[in-house]
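Notes follow once the structure below has been shown.
Just so it is clear, none of the values below were taken in a lab; they were calculated from the coordinates. In this text the structure is predicted, and so the values were computed from the model without any measurement. Neighbour counts run over all protein chains shown; Cβ positions are idealised from the backbone, glycine included.
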Amino acid sequence: MKTLRDPALALCALSGVDPTEPVMVEVPLVHGDNTLTTAKALEGRRVGFADRYRGGNGHELIEHREPFLRALDILRRAGAQLLSVPAQRTDDILRFNQNGRNEIDELVSEFQLDALVSDSQSAAFHAACWSGYPVFGEPLGDGTTCWFYSARWSKDSLATLIQAYRSARCLADAQG
């Protein structure tokens, strides 16, 4: 679009308003404020993050770095409900139950999660992912990655969640 008039005409065309017709339809004003849309994008979504490793008879707390905590904050402000969950130590052998499910399946079912997240420093659930399990990585800006995981059956819904996270992150970056 070369001039300011071009987008205005495109908006009129998309809204279905023809000023020369006898019947006009009132179209609500378009505002540039998409805060509410972004805030509601993850409303009702349940996202788990590892707060501790379990292995053997003990637990080891996970200390998260600031960029990952910021990613969790973005998810929270976008409406996601964050739940702390235990993760298997990456050096432990994955144990499968009789249904052939792994740690990710178990956690998603047990806590009724839409996704799990970890950073590349801990990569809490990375060892449990293999072919067929959806996993997406989002850069955190400090050379690390925020990994999003979900159960095998939820690839499409995880992609939608990632898109909503990206929008919320862009909005957070724009607001400073």
### Query
By how many nm would the segment from Leu69 to Phe111 lengthen if fully extended, with 0.36 nm per residue of separation less the alpha-carbon distance?
13.1 nm
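Leu72: net charge of surrounding residues, Cβ under 12 Å, Lys/Arg +1, Asp/Glu -1, itself excluded? Display every interim value, and only then the final one.
Working: positive: Arg65, Arg70, Arg76, Arg77, Arg169; negative: Asp51, Glu66, Asp73, Asp119.
Spelling it out: positives minus negatives among the neighbours equals +1.
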### Message
Run the numbers for Arg77 and His59: contour at 0.36 nm per residue of separation, minus the present Cα-Cα distance, in nm.
### Response
3.6 nm
### Message
Show me, for segment 106-113, the HN-Hα J-couplings you get by feeding each phi into the Karplus relation (A = 6.51, B = -1.76, C = 1.60, θ = phi - 60°), rounded to Hz, glycine and proline as x.
### Response
4, 5, 4, 6, 4, 9, 6, 8
### Task
Report, by chain and number, residues whose modeled amide H sits under 5 Å from the one on Thr145, excluding near sequence neighbours (fewer than 5 apart, same chain).
Ser120, Gln121, Leu140
